[in-house]
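Where a number appears in this text, it was derived from the coordinates with a stated rule and is not lab data. None of these values were measured; they are calculated from a predicted model. For neighbour counting, all protein chains shown are included, and Cβ atoms are generated from backbone atoms with ideal geometry for every residue, glycine included.
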Amino acid sequence: MTRLFIASVAAIGIGAALQAWTRPSVEDLEVEATIAWNEGDEETAEHLARAILARDPQSQHAQEVMQQLAFHTPRPALVIALEALRTSESDAVSRSLRIGDAAMSQNMLRVAESFWQEGLKSDPSHEGLRARLITLAGIRLDPQSMLHQLLEVPKDVALNEQQVLLCLSGFAIDTHGVLPVEEQLRWSLEADSADMKTRVGLARALMILGRHSECLSLLEDSQEDAAAVTLRALVRLNRHELVADSILPEHPPADSAADFYQAHAVKHSLEGNAEAELASWRMAVGQSPLSSPLRAFFCDALRRQQKESELQLEATRLAQVRRIGEIASSKDAELNAATIALLTQLCHAVDADEAVELLNRVRHSSRQPL
């Protein structure tokens with residue numbers, strides 16, 4: 001048995017030695033990669049360059065081949081891989097930021113988000129990384145996520161005033177505001193079809209634009225994502241497809257509770273259940289108190305049901321929410337003391353407690369943001 005074991009070990013050692021002896025050297029592979037590139041065989045050149053870099057990440061020849069491939073055939077994966085090579089010796093935070101930026105330049109929003117989040121774990125106070133993530137939420141038409149991320153900024157870090165304004169204006173977005181981001185969301189989804197957050201963002205844009213068939217087509221195969229399922233049910237209910245109630249999640253998803261309650265409000269309206277409809281609208285507005293579209297729908301329901309006293313109150317709140325959106329989206333907007341005071345008063349009047357907290361953070365900031 002001992003002799004057999006020794007023989008086996010010897011055989012493994014000889015096999016490994018033969019493999020190392022017969023495997024092409026890095027220098028030989030570099031020559032082959034250069035020849036493949038010069039002959040226009042991009043697939044072989046990339047395969048060889050990646051094989052070289054797996055053995056020698058500092059190979060200049062392989063990096064040059066990758067640079068040429070990224071320049072002439074700018075596939076997202078190549079551009080991101082090249083930036084990963086360039087930053088291989090950088091610190092973790094800088095590397096995450098730069099690779100994320102490279103991914104963003106290729107409309108790979110999900111990949112960019114992943115790298116930026118990883119960098120933020122290493123340095124929670126990094127303003128550049130957090131600013132990118134907050135802006136990304138805005139591109140995806142998710143002002144609630146922007147608000148929560150702004151509130152997560154460490155207390156000793158000044159808030160970016162423009163991002164605060166962008167967040168507040170995002171709740172009142174309409175067809176005019178959606179058009180600029182629709183194209184970018186579409187490009188991103190073409191680059192990365194598995195990006196569910198971007199898929200939901202684009203679907204929401206299409207819903208706002210009234211293109212319901214396109215919206216449903218986009219969400220058709222999104223069975224596992226609760227936010228996508230909820231939005232799909234909402235759109236179908238808006239088309240008077242009462243059967244869509246069957247696909248609503250049992251509980252409101254954390255990131256789309258307002259959609260959940262809005263869908264239930266529409267369902268109850270179709271069923272003629274007046275009190276349940278108003279109760280659902282109140283829940284929806286409570287989840288997103290700065291949403292002027294939600295408040296407008298709520299006012300319509302109150303008007304339909306002739307609830308005059310509550311309608312008067314909610315119509316006043318709708319006007320206040322619209323005023324918040326107008327102030328925040330003004331091209332000359334700046335968060336000086338007077339503007340902060342006015343916005344705080346308006347947000348308090350419509351029970352937007354998180355927005356009040358955010359504005360108080362800006363007011364008490366001890367230094368100007370970068």
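Tell me, Kirkwood radius of the stretch 173-282 from alpha-carbon pair distances, in Å?
14.3
By per-residue mean of other Cβ atoms within 10 Å, what is the highest-first order of 330-341, 245-256? Spell out each step's value before the answer.
On the way: 330-341: 12.0, 245-256: 14.4.
Highest to lowest by the protection proxy: 245-256, 330-341.
Could you calculate the FRET efficiency of His364 with Ala274 from 1/(1 + (r/R0)^6), where r is the beta carbon distance between them and R0 is 35 Å, rounded to 0.05? Write out the running numbers ahead of the final one.
On the way: r = 45 Å, r/R0 = 1.28.
About 0.20, to the nearest 0.05.
Pop out the ³J(HN,Hα) list for the stretch 139-150 in order, Karplus 6.51 cos²θ - 1.76 cosθ + 1.60 with θ = phi - 60°, rounded to Hz; leave Gly and Pro as x.
4, 7, 6, 10, x, 5, 5, 4, 4, 5, 5, 5
Can you give me the distance in nm between label points at Glu89 and Glu152, each placed 7 Å from the Cα along the Cα-to-Cβ direction?
So the two model labels end up 3.4 nm from each other.
For the stretch 239-369, report the translational diffusion coefficient in µm²/s to the nearest whole number, using Stokes-Einstein at 25 °C, 0.890 mPa s, and a Kirkwood Rh over Cα pairs. Don't skip to the end; give the middle numbers.
Numbers: Rh = 16.3 Å.
For the chosen part, D equals 151 µm²/s.
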